[in-house]
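Notes follow the structure.
The values are calculated or read from the model by the stated rules, or taken from the named source; none is laboratory data. From a predicted model like this one, the values you see are computed outputs, not experimental measurements. No Cβ is skipped: glycine too gets one built from the backbone with ideal geometry, and neighbour counts run over all protein chains shown. Keep in mind that these areas ignore ligands, DNA and RNA; they rest on the heavy atoms of the full protein, side chains included. Shrake-Rupley method; radii C 1.70, N 1.55, O 1.52, S 1.80 Å.
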Amino acid sequence: MAQTQEALIPTKDAFSRKAHVKSLEDYQRLYQRSIQQPEAFWSEMAEQLTWFHKPDAIMDLDAEQVDFSWFGGGKLNAAYNCIDRHATERPGKVAIIWAKNEPGEYESITYRDLQHHVGRVANVLKAHGVRKGDRVCIYLPMVPELAYTMLACARIGAVHSVVFAGFSSEALRERILDSGAKVLITANEGPRGPKFVPTKAIADEAVEGLSLVESILVVRRTGKEVPMLAGRDYWLDAEMAKHRGVCPAEWMDSEDPLFILYTSGSTGKPKGVLHTTGGYLVYAATTFRYVFDIQPEDVYFCAADLGWVTGHSYILYGPLMNGTTTVMFESTPTFPDAGRLWRVVDDLKATILYTAPTALRSLIKEGDAWVKKSSRQSLRLLGSVGEPINPEVWRWYHDVVGEGRCPVVDTWWQTETGGILIAPLPGATPTKPGSATLPFFGVEPVLVDDEGRVIEGNGVSGNLCLARSWPGQARTLYGHHQRFKETYYARFPNLYFTGDGCRRDEDGYYWITGRVDDVLNVSGHRLGTAEVESALVAHEAVAEAAVVGFPHDLKGTGVCAFVTVKPDWQESASEQMVGALKEQVRHVIGPIATPDRVVLVNGLPKTRSGKILRRMLRKIASGEVENLGDASTLADPSVLDELLAKATPPQ
Ligand code: ATP
Ligand code: MG
């Protein structure tokens, strides 16, 4: 089987010297404490926040009802913790740097500015009837008002539900209805790369005939005129001008809801995950501080969108609670060219970059010259999130982007987990390309077989579960507690089931092998998709690969690989390429994994957050093309035409 024993890449001395956690021994000591004395550990971590009333209890867990409470009796406010404390101590420090869609255009917002803007928006929301506990749906591109409105909701105790501004009107409508939002916030339009997303027009369609939504607040991002319905639609800037920048923070109970956020929809219909205040904030602040080893002078650049949980925890809440300068990036990594991320890094002297494998793969495809012509000297740490990072891509990130100088942190987590659960601590944890390495403090990963038996020891694989609660865990799916119980707690009693498959190697390092729904059972052998895909991506011609199973007469399941090749290789004869790729997998993993079919395509179906949608590919490869499942999250439906034409098996 695949090589699991990768050489350990040691920590970098220059980094470790200044790090919060300086050695593996220090990590292990702290980890043991977090597991043996969780209450003492988390109570200490909670002290980094400002509480109006300190918690009376640390945790109260009802496994029977799947009802978890952290920091009970505590009262706090998320916006206060993100803004006011810093606005008082260092008002002139930059909180947010807005990197606009137009290359080279930036705006800085200090903690003092942020306080005023958020206060104004909070007063606008109140004037529009928003009260504690009400839901507000935010459908905005990456403009500063997105941060202001999220924090304004938090300030007055309203629950925000951010919907990524690439979603269709039907998808938005569904989310508005599911969360019962009474106010919708959007923009006249949203520039993104070379395009303009007509957000207001989409919002209008989404709320058509809905009496639920009483007001639509519209951010003026461009000069474009849009129809405004009298008595329902209001320009946000005009509304803000009517109000003061001072708005008292509502002191919330730890377990009061902070936000609802829908998952990416990789495995099915998106789920409306509910996070509460105290536990989520403590967890986001703690993980951000340690996993990114945050220092006061950092300029932190996460290239994700606030419409995903990565944006919530690690563009907004985590960084601002730590008083960090955080970048909001309105554009895409390839606009106007594949040098964009490096330009932002150089222009802003960013010290940390956090992005997704899908973005890295799209840049590798364009060649190293784009990276090499930038300086990147300011960078000291690189992070990855969203999908398993192929070892080949990891090495490129480490060697080419980071010039071997910057540690790479591959962070495994989910919308439901609120924050990072498995990741190295840079400075402490030696890494291995492709492994998320070791659990964060207080996190106890458990591997179980399909019958629910715990698999002990190292050098084993199974279903990845979590044995105990952690503060940042989701409390429910909004309005659907039964679905919450069934999705996460029914399959393996008393364990949180992640839906991911995982291997724990001989060193106790964790490797995510893909979704368990996607596992291939070939002649009785279980293969994770990530392993086979990484073998393909290691071939010099391959840009991206997605592997799925299909019914096979002899083997039970056949292996079908969908592959995109790099631009320079597109002319190569496809017959030969297919043969070479089959050979590649045979050589790297073994004959059992050799794909029965390799389909060369121009694009793969992805979620709007950039993840490969294998559930659709599986159906296509199996010839079940009548119903491809929930397509609301599919970023570019036009890729399906080519796939259907090329990949439907002969009948
Ligand atoms: P849905 O739950 O609707 O199917 P989703 O699981 O893609 O969608 P998210 O919560 O955005 O929604 O993604 C979490 C999932 O992303 C994880 O369960 C895992 O499969 C994958 N993932 C995230 N980070 C990593 C990582 N560093 N390594 C491997 N996989 C990762
Ligand atoms: Mg999921």
Quiz item: Once the dipole of the chain is set up with Lys and Arg at +1 and Asp and Glu at -1 on Cβ about the Cα centre, which of TYR234, GLY499, GLY272 lies farthest towards its positive end?
Solution: TYR234
Practice problem: Find how much the distance from SER108 to GLU575 grows on full extension, using 0.36 nm per residue of separation minus their present alpha carbon separation; answer in nm with one decimal. | Solution: 162.8 nm
Quiz prompt | the stretch 74-97 residues near the modelled LYS54 label - backbone nitrogen below 16 Å, point 7 Å along Cα→Cβ | solution = 74-76
Practice problem: Please list the equivalent ellipsoid semi-axes of the stretch 492-572, computed as the square roots of five times the alpha-carbon gyration tensor eigenvalues, in descending order and whole angstrom. | Solution: 27, 18, 11
Self-check item: Residue-span extension gain [ALA645 to LYS126] - 0.36 nm each, minus C-alpha spacing
Solution: 181.5 nm
Self-check item: Of the GluC sites (Glu not before Pro) in the stretch 240-298, those whose Cβ has at most 14 other Cβ within 10 Å and which sit in DSSP loop
Solution: GLU297
Quiz item: Going down the list LYS372/LYS582; LYS200/LYS271; LYS100/LYS365; LYS566/LYS606, which pairs span over 21 Å between their C-alpha atoms?
Solution: LYS372/LYS582; LYS200/LYS271; LYS100/LYS365
Quiz prompt | Distance (nanometres) between label positions extended 7 Å along Cα→Cβ at GLU205 and VAL460 | solution = 5.1 nm
Quiz item: Rounded to the nearest 5, what is the percent of antiparallel bridges among the DSSP beta bridges in the stretch 30-503?
Solution: 50 percent
Quiz item: Out of every Cα pair in the stretch 523-647, what percent are spaced more than 20 Å from each other?
Solution: 41 percent
Self-check item: Förster-model FRET efficiency, 41 Å R0, ARG244 and GLN295, C-beta, rounded to 0.05
Solution: 0.70
Self-check item: Inter-label distance, nm, simple model (7 Å from Cα along the C-beta direction), LEU8/TRP235
Solution: 6.1 nm
Practice problem: In nm, give the distance between the simple-model label positions of GLU451 and THR487, each being 7 Å from the Cα along the Cα-to-Cβ direction. | Solution: 3.0 nm
Practice problem: Specify, per residue and in Å³, the volume enclosed by the convex hull of the alpha carbon atoms belonging to the stretch 119-248. | Solution: 94 Å³
Practice problem: Could you state how much accessible area CYS406 has, in square angstrom rounded to the nearest 10, with a 1.4 Å probe and all protein chains kept in place? | Solution: 0 Å²
Quiz item: How long is the gain from GLN36 to HIS480 if the chain were fully straight, where each residue apart is worth 0.36 nm and the alpha carbon distance is subtracted?
Solution: 156.5 nm
Quiz item: Which FRET efficiency, nearest 0.05, do GLU403 and ASP636 yield, Cβ-Cβ r, R0 35 Å?
Solution: 0.55
Practice problem: Could you name the lysines whose alpha carbon sits less than 20 Å from that of LYS132, not counting residues in the same chain fewer than 8 places away? | Solution: LYS75, LYS182
Quiz item: Given the chain reduced to its alpha-carbon atoms as identical point scatterers, what log10 I(q)/I(0) does the Debye formula return at q = 0.07, 0.10, 0.12 Å⁻¹?
Solution: -0.42, -0.91, -1.36
Quiz item: By a straight-distance test (C-alpha under 19 Å), which lysines pair with LYS93 as possible cross-link partners, with residues fewer than eight away in the same chain excluded?
Solution: LYS349
